Amino acid sequence: MRYSAEHKRETRARILQAAGQIFRKEGYGGSGIDGLTKAAGVTNGAFYGHFRSKSEAFRETVLTGLEELRQAIAQLKADKGRGWLGAFASYYLGAKRVCDLGQSCALPSLSPEVMRADNETRQVYQVELQRLIEEVSAGLPDEPGEENTDRAIALLALLSGGVTLARAVSDPALSERIAAAVSRQAHAIVPVPKD
């Protein structure tokens, strides 16, 4: 039976969504093809009709997650103007810090897995990370340049690392304290411009 192009796109999207949740929750090594296909509601044959391997599905999941973050930042910049950074930090250190791990941001949840991945995955991750850095840098005060690029890198590392630490502790008060400290430091790296 031949499926329509739309059905194939929907199936691929469903597999990527399920893979994203599982890789975030269980890590690359903690999940297998059977778990991915079960979560997506597809057969192994359907999985292999879209991806050659688990590592290819992981690579696509990482790219999709980083692109979603980049697009969210671009949308915040468009919606909030000069106040985008405060809104981003609040959301990132709030809702994204406490949401289900399967729904968490790809940057803190999948980057440690990328460190152990094959070279092809690491290379495409690097390209997407650079696009993300450029998106953040272009929204910072002052003229874009090396200093803004460095501040964008520091900001992403601080927020991502802060979320990682805040998620890892069991004490909600300590988690809140970490988030508040990271937020203060993020605003110190990139002061919010006054109108």
Among the residues of the stretch 2-22, is there at least one that is under 17 Å from the mean Cα position of the chain (by Cα), without any contact (Cβ under 8 Å) to a residue 40 or more places away in the chain and crowded, with 16+ Cβ neighbours inside 10 Å? yes
Counted residues in the stretch 128-152 being more than 13 Å from the chain's Cα centre (by Cα) and open to solvent by less than 80 Å² (accessible area, probe 1.4 Å) come to 12
Among the residues of the stretch 27-71, what is the count of those that are free of Cβ contacts under 8 Å to residues at least 60 places away in the same chain, under 22 Å from Leu93 (Cα atoms) and surrounded by 14 or more Cβ atoms within 10 Å (Cβ to Cβ)? 2
Just to be sure I understand, how many residues within the stretch 135-164 are in contact with a Lys or Arg (Cβ under 8 Å, 6 or more places away or on another chain) and of a type in the set (Ser, Thr, Tyr)? 1
What's the number of the condition Tyr28 fails, among (1) in contact with an Asp or Glu (Cβ under 6 Å, 6 or more places away or on another chain); (2) under 23 Å from Leu140 (Cβ atoms); (3) among the aromatic types (Phe, Trp, Tyr)? (2)
For the stretch 85-113, how many residues are surrounded by fewer than 22 Cβ atoms within 10 Å (Cβ to Cβ) and of a type in the set (Ser, Thr, Tyr)? 3
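The values are calculated or read from the model by the stated rules, or taken from the named source; none is laboratory data. Note that this is a predicted model, so its numbers are computed, not measured. No Cβ is skipped: glycine too gets one built from the backbone with ideal geometry, and neighbour counts run over all protein chains shown. Surface accessibility is based on the protein's heavy atoms, side chains included, excluding ligands, DNA and RNA. Shrake-Rupley method; radii C 1.70, N 1.55, O 1.52, S 1.80 Å.
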